[in-house]
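Contents: one structure, followed by commentary.
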Amino acid sequence: MGHMDPVELSDERLLLRLPTEADVDEITLACQDPELQRWIPVPVPYGRHHGAQWVRDTPRSWAEDLELRWVIVESRPDGTSSGPLGAIGLHARDATMREIGFWAAPWARGQGVMTAAARLVCHWGFTELGLGRIEWWANVGNDASRRVSEKLGFQFEGTCRHRILHRSERVDGWVAGLLPGDLR
Ligand SMILES: CC(C)(COP(=O)(O)OP(=O)(O)OC[C@H]1O[C@@H](n2cnc3c(N)ncnc32)[C@H](O)[C@@H]1OP(=O)(O)O)[C@@H](O)C(=O)NCCC(=O)NCCS
């Protein structure tokens, strides 16, 4: 851990880049979604200033090597790209382990966006950061997130009672782990 310079990641369809002020309205709209609020501890109600703060904090989050995070956009054939379809990040846990976290905007779900984005991030984490393990945690019952983790090769490791603090309430947590040889 230490200082990190931001990087962009891409495949033939998606670009992962740092969020900008121009993304704030769409991030704020996505974070109104009750399903997102159910599983992610974003502020509720979620105001535009929360989206703006998240965007503003991102360069520092990289510089201080806290959460390395991106917005996910779709590249178009004409060279332009969509607005944000979601966000993804790797939280620092120890020198060679990080925890992945993500959300997709409701209008972008069910099209393989998060599976592809998380694959890029995990691959980069192993090859460029030299990680030895990536963890996935979710509130018990978050089947869509668990399915994404499974498709990437995360091995489900169990349920930890009252492991997660979700808006002041202790809830049971699911955990899975991905080692370098597991990623698919
Ligand atoms: C989890 C989330 C990021 C997935 O994003 P996505 O871009 O739709 O993911 P993908 O399209 O790559 O894959 C979703 C998979 O979950 C499955 N799925 C979706 N809803 C599901 C549900 N309610 N139960 C079980 N599986 C579900 C899809 O069928 C798909 O699997 P498949 O390819 O085998 O059909 C998105 O649902 C989301 O933002 N949820 C709210 C926020 C959240 O929970 N974040 C994670 C916190 S740990």
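Data for the structure
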quantity: Residue count for the stretch 116-139, restricted to those that are of a type in the set (S, T, N, Q) and surrounded by fewer than 16 Cβ atoms within 10 Å (Cβ to Cβ); calculated: 1
quantity: Residue in the stretch 117-138 that is in contact with a helix residue (DSSP H, G or I) (Cβ under 6 Å, 6 or more places away or on another chain) and of a type in the set (F, W, Y) present; calculated: yes
quantity: Members of the stretch 95-106 found to be touching a residue at least 60 places away in the same chain (Cβ under 8 Å) and either surrounded by fewer than 14 Cβ atoms within 10 Å (Cβ to Cβ) or basic (K, R) (or both), listed by number; calculated: A95
quantity: Some residue of the stretch 59-75 being farther than 27 Å from R133 by Cα and either more than 14 Å from the ligand (Cβ to nearest atom) or not acidic (D, E) (or both); calculated: yes
quantity: Count of the stretch 52-84 residues which are in contact (Cβ under 8 Å) with a residue 40 or more places away in the chain and among the hydrophobic types (A, V, I, L, M, F, W, C); calculated: 7
quantity: Top-ranked residue in the stretch 142-184 [being assigned to a helix (DSSP H, G or I) and not charged (D, E, K, R); ranked as farthest from the chain's Cα centre (by Cα)]; calculated: G181
quantity: Tally of residues being touching a strand residue (DSSP E or B) at 6+ places or on another chain (Cβ under 8 Å), more than 12 Å from the ligand (Cβ to nearest atom) and in a loop (DSSP other than H, G, I, E, B) across the stretch 95-128; calculated: 1
quantity: Flag for G86 being within 12 Å of the ligand (Cβ to nearest atom), within 18 Å of I40 (Cα to Cα) and either touching a Cys at 6+ places or on another chain (Cβ under 8 Å) or modelled with pLDDT of 95 or more (or both); calculated: yes
quantity: Meets criteria (basic (K, R), touching a helix residue (DSSP H, G or I) at 6+ places or on another chain (Cβ under 8 Å) and either within 13 Å of the ligand (Cβ to nearest atom) or more than 26 Å from D182 (Cα to Cα) (or both)) for R38; calculated: no
quantity: Residues of the stretch 122-144 classified as under 18 Å from Q155 (Cβ atoms) and either touching a residue at least 12 places away in the same chain (Cβ under 8 Å) or of a type in the set (G, A, S) (or both), total; calculated: 14
quantity: Tabulated pairs, the stretch 17-43, first within 20 Å of L68 (Cα to Cα) and of a type in the set (D, E), second part of a helix (DSSP H, G or I) and more than 13 Å from the ligand (Cβ to nearest atom), C-beta under 7 angstrom, 6+ apart or interchain; calculated: E21/V55; D23/V55
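The values are calculated or read from the model by the stated rules, or taken from the named source; none is laboratory data. Values in this document were obtained by computation on a predicted structure and should not be read as measured data. We place every Cβ from the backbone using ideal geometry, glycine too, and count neighbours over all the protein chains shown.
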